[in-house]
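The values are calculated or read from the model by the stated rules, or taken from the named source; none is laboratory data. In this text, all values refer to a predicted model and were calculated from it rather than measured experimentally. Note that each Cβ is placed from the backbone with ideal geometry, even for glycine, and that neighbours are counted across all protein chains shown. Protein only, heavy atoms only, side chains kept; ligands, DNA and RNA dropped before computing areas. Shrake-Rupley method; radii C 1.70, N 1.55, O 1.52, S 1.80 Å.
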Amino acid sequence: MRKTFTTGLLLSGVFAIGVAAGPGGCGGSEKESSPATATGTSTATTGSDQAAIPEATTPTTPTTGTTSVAPPKPSKASDVLLKVTNAVTTSMTAGGSSLIGGSTARGASLEPLPGAPPRASLPGMFRYPVQLEPTCTDGASPLDASGIPLPDLDPKYAPALFYCVLKQPGTGPESPLGRMLLTRGFVCLAEKAVPDLTYNGSSRTATVNPADSECFPDNFVPNFPAQPIQVTITASSPSAFGKTGAWDRSLQIVTVIQGESLNLQLLLKDGEGLAVGAGRFIKESDKNDAYTFHLDTQMGVLRYEQKNQDYDNPQPDENVQTAYNRHARVRIAGTVNSDGVFSQVTDYQGAVGNLYKHKIGDSTLLHTIRGNPAAGFKGIGYKDINSGTADLLLNPSNYSAVASCSGSGDCSGNSGLRVMKAEDLDFLMHPAGPRFTAGDVWFESLSPLTFNEVSLADSQP
């Protein structure tokens, strides 16, 4: 199996992964890419960027002069995850390192406010503080040229944040790439342990070795107890959990690592040119964390969304922010080959919202991005003026904002993704909000993503 990982991660107390970080960038505008002519690539040729999912064919009894055609065999779950990971990493190299270079405040912008206190990493077996991308913290936040965290409303912050979110493996669930690499590693271990894995609803018990480097990026360095662990694997078709009828298959892996139980759940949707799924790790410290992805290589579109809800976790120290909610949503369009590798990015849209819990009063940050390398990336950052309770944090008049533009263009005609009404602040996932949805409920109600424009609605198809 060909690997195209270009980044790495370290799981504190479990195992470590490390590879050299490569060049990066990402881009976006509101147009789909034009049809490609290169071998192995394709883009939209109709008015929709949602590829039709072919109906399964039913084998027929051969008759004279005819041959039966069996339905295509679904891809291995680890291959689906590898394809999406390829798309995340190559959207950087194909799209625009200009996200982190030359950002300036253009147009009406407010004076940047002082940066918020540093975010501390939570302890636990799936918090992996690596810093393979030197322009980002281990929690996927941007740094300046001196390695100092950028102030939250620095004009460079919004575009640099989205670069870091996709480039840095990150600290636990803050990073899409870190979460995808971790999920794929466990799925790969399970598939190697049970090579004849069948999606028939039966459970299989197997012994796996977490130090198996074939399931993780190159230069794998184990930091895990030497002895193998036992896992229970259940593969089902149709899916055994999730929204009825929305998914074709499900895979569940249950084990105990260093005394903490782990239940990995993965949902998959099959179709030509598709790598579509949703996943979560069910454990006490991340019980409401979940993510979903939709890669259509024929249409050249990657959609990704994740919700991390740790706001209700215990707060041991009022000076340390260890309880928070983070919500990320991105859409990237361009030219993608059948392995999920972007060769061009023509459209990039995204939003990242953070709600931080304090004993005195909560605080928030919301950053958005829209654009492409040629026309420019319009970034907007929002920060609460007065921290406090939900009535303040869900009121648009309580926010300061700063706009920026990066890339080659001047962002002319690009107003960016803006907070226009109180409902837009639902994106921050405040538990006291009138439309708040818990992460476990969101996961169980998910269907494959279809959105063509990123919005700030709490949930979006």
All-but-one check, A422 against (1) modelled with pLDDT of 90 or more; (2) touching a strand residue (DSSP E or B) at 6+ places or on another chain (Cβ under 8 Å), failing number (2)
Can you tell me which residues in segment 401-417 are crowded, with 16+ Cβ neighbours inside 10 Å and of a type outside the set (V, I, T)? A401, A403, S404, C405, S406, G407, G409, C411, N414, G416, L417
Determine, yes or no, whether T232 is modelled with pLDDT under 95, assigned to a strand (DSSP E or B) and open to solvent by 30 Å² or more (accessible area, probe 1.4 Å). no
Out of all the residues in segment 448-457, is one or more farther than 17 Å from R329 by Cα, in a loop (DSSP other than H, G, I, E, B) and modelled with pLDDT under 95? no
In segment 256-283, the residues that are modelled with pLDDT under 90 and either buried (at least 18 other Cβ atoms within 10 Å of the Cβ) or in a strand (DSSP E or B) (or both): V256, I257, E260, S261, L262, F281, I282
Which numbered condition G147 fails, given (1) touching a strand residue (DSSP E or B) at 6+ places or on another chain (Cβ under 9 Å); (2) surrounded by fewer than 24 Cβ atoms within 10 Å (Cβ to Cβ): (1)
Tally, over segment 370-398, of residues that are assigned to a strand (DSSP E or B) and either β-branched (V, I, T) or more than 26 Å from the chain's Cα centre (by Cα) (or both): 2
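Limited to segment 349-372, what total is found for residues that are farther than 22 Å from L150 by Cα and of a type outside the set (V, I, T)? Even if it seems obvious, please write down each step before you answer.
Step one: list which residues in segment 349-372 are farther than 22 Å from L150 by Cα, which gives 359-361, 372.
Those still in the list that are of a type outside the set (V, I, T) too: 359, 361, 372.
Of the residues in segment 349-372, 3 are farther than 22 Å from L150 by Cα and of a type outside the set (V, I, T).
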Scanning for something crowded, with 21+ Cβ neighbours inside 10 Å, of a type outside the set (D, E), touching a Gly at 6+ places or on another chain (Cβ under 8 Å) and within 29 Å of G376 (Cβ to Cβ), does segment 418-426 turn up at least one residue? yes
Being in contact with a Leu (Cβ under 8 Å, 6 or more places away or on another chain) and part of a strand (DSSP E or B) is the filter here; which residues of segment 400-420 pass it? S400, A401, V402, S406
It is to be established whether one or more residues within segment 334-349 are modelled with pLDDT of 90 or more, part of a strand (DSSP E or B), within 14 Å of the chain's Cα centre (by Cα) and aliphatic (A, V, I, L, M). no
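Only one residue in G376, G350 is touching a Cys at 6+ places or on another chain (Cβ under 6 Å) and under 18 Å from V330 (Cα atoms), so which one is that?
Working: G350 fails: touching a Cys at 6+ places or on another chain (Cβ under 6 Å).
Answer to the check: G376.
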On the basis of being modelled with pLDDT of 85 or more, in a helix (DSSP H, G or I) and touching a Phe, Trp or Tyr at 6+ places or on another chain (Cβ under 9 Å), does R179 make the cut? no
On the given criteria, is S250 open to solvent by less than 50 Å² (accessible area, probe 1.4 Å), within 21 Å of the chain's Cα centre (by Cα), at pLDDT 95 or above and polar (S, T, N, Q)? yes
